[in-house]
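The values are calculated or read from the model by the stated rules, or taken from the named source; none is laboratory data. Since this is a predicted model, take the numbers as computed values, not measurements. Glycine gets a Cβ as well: all are built from the backbone with ideal geometry, and neighbour counts include every protein chain shown. Accessible surface areas use protein heavy atoms only, side chains included; no ligands, DNA or RNA. Shrake-Rupley method; radii C 1.70, N 1.55, O 1.52, S 1.80 Å.
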Amino acid sequence: LAKTTQPISMDSYEGQEVNITCSHNNIATNDYITWYQQFPSQGPRFIIQGYKTKVTNEVASLFIPADRKSSTLSLPRVSLSDTAVYYCLVGVGQSGNTPLVFGKGTRLSVIA
Amino acid sequence: GAGVSQTPSNKVTEKGKYVELRCDPISGHTALYWYRQSLGQGPEFLIYFQGTGAADDSGLPNDRFFAVRPEGSVSTLKIQRTERGDSAMYLCASSLVGAREQYFGPGTRLTVT
């Protein structure tokens, strides 16, 4: 499974856009890129998933360059409630039902 | 609708005791996963069920850990002769067949004293 590298922590002020970049140099052809969010004392929650170019939903955008060796999760206008750990995962194939492999994630702290 | 539920939310047990952790997946989800999360770490895969059978148990750390899902719905993670190193948050997730998104429960925090 592809190994991912992402910053350990980030700080942001409320109302700013936050971009968290994840490196995954060994991504395989069948791998999708998935991001999960985890609040303290809760299980992770799916945010967004993509294969290439750009994906946007009501929560975030995911930018994936052509070589797919990295990806960037973009959170528009963060609020205090966005304080959480964000995990980048690579390796969920098209067939799904694959155990997830989590790294340590990026701890985002949003400051008023 | 109802999400994944896990009971108990907290469990404190003494070293050497036996514990059972329960997971109720989302209705209709045939895939069920158990993960373990230590403080400051991401969740670590333990076992995956497709229906009643364990499709992948490669993450179970040793033979003290066992999980069942007899009717393809509720699952129980069983830990024998607990050790202090077993203290962690145990998370359960479920998903639809072929889905790439997993839905996690709130977890059971296990503390072995």
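Just one residue in the set B:37, B:50 is within 14 Å of chain A (Cβ to nearest Cβ), of a type in the set (S, T, N, Q), closer than 29 Å to residue A:30 by Cα and open to solvent by 30 Å² or more (accessible area, probe 1.4 Å); that residue is B:50. The single condition from (1) within 17 Å of residue B:26 (Cβ to Cβ); (2) surrounded by fewer than 20 Cβ atoms within 10 Å (Cβ to Cβ) that residue B:111 fails is (1).
Set side by side, the residues B:5, B:9 differ, and just one is open to solvent by 40 Å² or more (accessible area, probe 1.4 Å), within 10 Å of another protein chain (Cβ to nearest Cβ) and at pLDDT 95 or above, which is B:9.
If I filter segment A:37-81 down to residues being open to solvent by 40 Å² or more (accessible area, probe 1.4 Å) and among the charged types (D, E, K, R), which single residue comes out as farthest from the other protein chains (Cβ to nearest Cβ)? Once the filter is applied, the top-ranked residue is A:77.
With within 24 Å of residue A:105 (Cα to Cα) and either free of Cβ contacts under 8 Å to residues at least 12 places away in the same chain or out of contact with any Phe, Trp or Tyr (no Cβ under 6 Å at 6 or more places or on another chain) (or both) as the only criterion, which of B:42, B:51 stands out? Steps first, answer last, please.
Details: B:51 fails: within 24 Å of residue A:105 (Cα to Cα).
After applying the criteria, what remains is B:42.
Any residue at all in segment B:95-106 that is touching a His at 6+ places or on another chain (Cβ under 7 Å) and within 14 Å of chain A (Cβ to nearest Cβ)? So far as segment B:95-106 goes, yes, one or more of its residues are touching a His at 6+ places or on another chain (Cβ under 7 Å) and within 14 Å of chain A (Cβ to nearest Cβ). If you go through segment A:1-36 and keep only what is surrounded by 19 or more Cβ atoms within 10 Å (Cβ to Cβ) and either under 17 Å from residue A:91 (Cα atoms) or aromatic (Phe, Trp, Tyr) (or both), you end up with A:4, A:6, A:22, A:24, A:27, A:31, A:32, A:33, A:34, A:35, A:36.
Of B:81, B:69, which residue is surrounded by fewer than 15 Cβ atoms within 10 Å (Cβ to Cβ), over 24 Å from residue A:104 (Cα atoms), touching a residue at least 12 places away in the same chain (Cβ under 8 Å) and out of contact with any helix residue (DSSP H, G or I) (no Cβ under 7 Å at 6 or more places or on another chain)? Walk me through it before giving the result.
Details: B:69 fails: surrounded by fewer than 15 Cβ atoms within 10 Å (Cβ to Cβ).
Answer to the selection: B:81.
Identify, from the list A:21, A:34, the residue that is in a strand (DSSP E or B), over 27 Å from residue B:107 (Cβ atoms) and in contact with a strand residue (DSSP E or B) (Cβ under 8 Å, 6 or more places away or on another chain). Just a single option satisfies the conditions, and that option is A:21.
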